[in-house]
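Have a look at the structure below, then the notes.
The values are calculated or read from the model by the stated rules, or taken from the named source; none is laboratory data. The structure presented is a predicted model; accordingly, all values stated were derived computationally and were not measured. Every residue, glycine as well, gets a Cβ built from its backbone with ideal geometry; the counts of neighbours run over all protein chains shown. Surface areas here come from the heavy atoms of the whole protein model, side chains and all, with no ligands, DNA or RNA. Shrake-Rupley method; radii C 1.70, N 1.55, O 1.52, S 1.80 Å.
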Amino acid sequence: MKKIVISFIGFIVFIGSVLLINYNTPNIDLKIYATKDSFANNYANKYHLEFEEVAESEKNNYFISLENFEYKQVDGGIELNKYLGISNYLIIPNKIDGQNVISINKKLYENKNIKTIVLPSSITNIDDTTLKIECANSEYCESLVNDNKATMLNDSNEIDFNNYNNIVEYNIIDNKAEVVKSFNIDGATIIPKTINGYEVNKINIDTENIKKVYIPDSVSVINMKNVSNSFIYTIIGLVIAYVLYLITVLNVSTKDLNNMTKNTIIYIISIIYILFVGYLSINYNSSYYIVLIISSLCYIFLSLVLKIYKKQNIGYEEKISNSGSFIKECLIILEKTDRDNKYNLKDKLKYSDPISINDVEEIENEIKSCLNKLNEDSAKKIEDLIKERNTIIKNMKN
């Protein structure tokens, strides 16, 4: 039972190490797009990920500022009723849930953070407001401009009106946004620079279906959990390392020099495999959920093997009699029959295996018989019998 407990503790420690290694490592196939010398650039170098530099002149192609609204369906499209963020310069999306955003209710203006509203060409009606309005070219926009209620955006204004927040899940912590899930398209995703006016400074997502990701300069913390499909290497390394560990546990109590050497080699190989698994976990990441399940099944199987092993050895344990009694008895007989110890049997008996088993009972009786009528011929026979006895006991132990 003690060995099972020890092996289980070792197993838990090993699994824990694998999970810690895997938890914050990304998919090895992931490609990162970011500016040179950014935090994302350093992250890609650390985990040996493919990296493509985004020039300063190209950053606007990746700039996304997501906004969140409360809204309702009306005839012809969507009406916005409330803005949930803190942006001063609020860009209204042209579509929500695939439908055109066509109107704005005055309740939206109750958000005191808003200073300017930018309207897409899909808008056909808004409630009156004192806020500054900018609008994309459309008949409705022209009517607002003619009434001096808005200014027209010119062609040089690069406005993304596809900014409704339906591509990420996020948390707001200390006035900063943390992206916790990305709904990517065709394996590619763009991390927004702001969400509801909050700057995105942290990414905490899994990368199972992500092949390419753009990360803005504002991000300073990246946790891309490992969910790669390349888990077979870790599983193989884990199983072999644990088998070697269990073998060591079964044999570590031996005092035999050869077995001690064998155990030392097993220990070294086990450590090498553990390091090997750690390396593969970083470079050929694995799904830690699958590793945990398969390894748990492996542990249960090996525990059953250990239990069977113990049952098979019960017969041997039952055969063991009081330790050392045979040797003591022989030494007493030798003292009586060979006061001068001229046959040098004392050391051979003294350093013989102290354990007695039923399989050697006949040999031990013959040794005692020879000791009682000790002479040169019987002394030679005793030596041979002692060797035979010790060999049988050793084989039974192994």
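Using the Cβ of ILE133 as centre and a radius below 15 Å, the other residues enclosed give a net charge of -1, where K and R count +1 and D and E count -1.
Loop-located GluC sites (Glu not before Pro) across segment 178-213 with a Cβ neighbour count of 15 or fewer within 10 Å are GLU208, with loop assigned by DSSP.
Only Cα pairs under 8 Å and 6+ residues apart enter the sum, and on that basis the relative contact order of segment 81-130 stands at 47 percent. For a label point 7 Å from the Cα of GLU56 along Cα→C-beta, name the residues of segment 186-225 whose backbone N is under 15 Å from it. From segment 186-225, the list is 217. Label-to-label distance for LYS36 and ASP97 is 4.7 nm, based on points extended 7 Å past Cα in the beta-carbon direction. With all protein chains in place and ligands, DNA and RNA left out, the 1.4 Å accessible area ranks PHE326, PHE183, PHE51 as PHE183, PHE51, PHE326, largest first.
With the other protein chains left in place, how much accessible area per residue, in square angstrom, belongs to segment 59-107 at a 1.4 angstrom probe?
On a per-residue basis, segment 59-107 sits at 51 Å².
Beta bridges per DSSP, both residues in segment 99-223: antiparallel share near 35 percent.
Loop-located trypsin sites (Lys or Arg not before Pro) in segment 324-398 (DSSP state other than H, G, I, E, B) with a sparse environment of at most 14 neighbouring Cβ atoms within 10 Å: ARG339, LYS342, LYS373. Proximity of backbone amide H atoms, modeled 1.01 Å from N, is registered between THR35 and VAL54 at under 5 Å, excluding neighbours fewer than 5 places apart on the same chain.
Filter LYS95/LYS193; LYS46/LYS181; LYS373/LYS394 down to the pairs with a C-alpha to C-alpha distance above 26 Å, please. Exceeds cut-off: LYS373/LYS394. Stretching the chain fully between THR130 and ASN154 yields a gain of 6.4 nm (0.36 nm per residue, less the alpha carbon separation). When the trypsin sites (Lys or Arg not before Pro) in segment 97-172 are filtered for DSSP coil states and for at most 12 other beta-carbon atoms within 10 Å of their beta-carbon, the remaining sites are LYS112, LYS115. Each of GLU52, GLU110 has its accessible area taken with a 1.4 Å probe; listed largest first, they run GLU110, GLU52.
Pairs from the list LYS59/LYS82; LYS112/LYS202; LYS59/LYS132; LYS342/LYS380 with a Cα-Cα gap above 21 Å: LYS59/LYS82; LYS112/LYS202; LYS59/LYS132. Taking all protein chains as they are arranged and a probe of 1.4 Å, the heavy atoms of VAL74 leave approximately 50 Å² accessible to solvent. Between the beta carbons of GLU169 and ASP359, assuming R0 = 45 Å, the FRET efficiency works out to 0.05 to the nearest 0.05.
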